[in-house]
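A short write-up of the structure that comes next.
What follows is calculated from the coordinates using simple rules that are stated; it is not laboratory data. This is a predicted model, so every value here is computed, not measured.
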Amino acid sequence: MSIRVRVGIHIPRFPSVISGGIRILSETNFDFGVQLDRTKLLKLIAFGIVSPTELMRRTGIPRTRVFRYLSALVRRGWLVRRDGGYYLAATIFLVYRVRELGDYAVLEVLNDKGAIVDQRAGLVIVNGKESPKACPRCPLLQECTKNIKSISRSLGITIKSAAPADAYLELISAIINEGLVKMLLNDYIDLHINNV
């Protein structure tokens, strides 16, 4: 099933991404994609390495496992297969969880998980609340700070947090609040069911 909506955030386009949009993955599908070997594949694809043969060569992952992972990542919404290559399905991946509340189903968009494609950093994955106390001691502090500033500028979002861990969470929250929530409050959703 796909839902098509308009979101009021400028989303940059990248050659490694089929759609310049936002994809909202279930928490289960997101967690599947951020396992070690699958993350290696996703990060290489974000940098434009889309050929399965080249992915095998660069990761050292056996051929059958690479194809199994790529097929599963397509089924779970991370990737799209086109012209013999694999591409990211979106520039921004948000994550949702569904809870039952009596007779209702509640769709909760999480603000502490997601992924964003950045031209310099590739695929930046946020997976839970990182400890901002670790940022000052991290050897990648300057690079993370540059990356988050680059991403926020490209999306037209102002970030106030100094620590990159907090800034990534703030960025995901801003995407949810400034784009998705405003749109859902003032627009409608068309559901398109894909029979696979």
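Points to keep in mind about this one:
- Backbone amide hydrogens, once placed in the peptide plane, bring residue 95 within less than 5 Å of 25, 110, excluding anything fewer than 5 places away on its chain.
- Table column - 3J(HN,Hα) (Hz), the range 112-127, Karplus curve with 6.51, -1.76, 1.60, x for Gly and Pro: 10, 9, x, 8, 9, 7, 10, 4, 8, 8, x, 9, 9, 10, 10, 10
- Sequentially through the range 148-153, phi angles give Karplus couplings (6.51, -1.76, 1.60; θ = phi - 60°) of 5, 5, 4, 5, 5, 4 Hz, Gly and Pro residues having no value and appearing as x.
- In sequence order, calculated HN-Hα J values of the range 23-28 (Karplus, 6.51, -1.76, 1.60; Hz; x Gly/Pro): 10, 9, 9, 5, 4, 4
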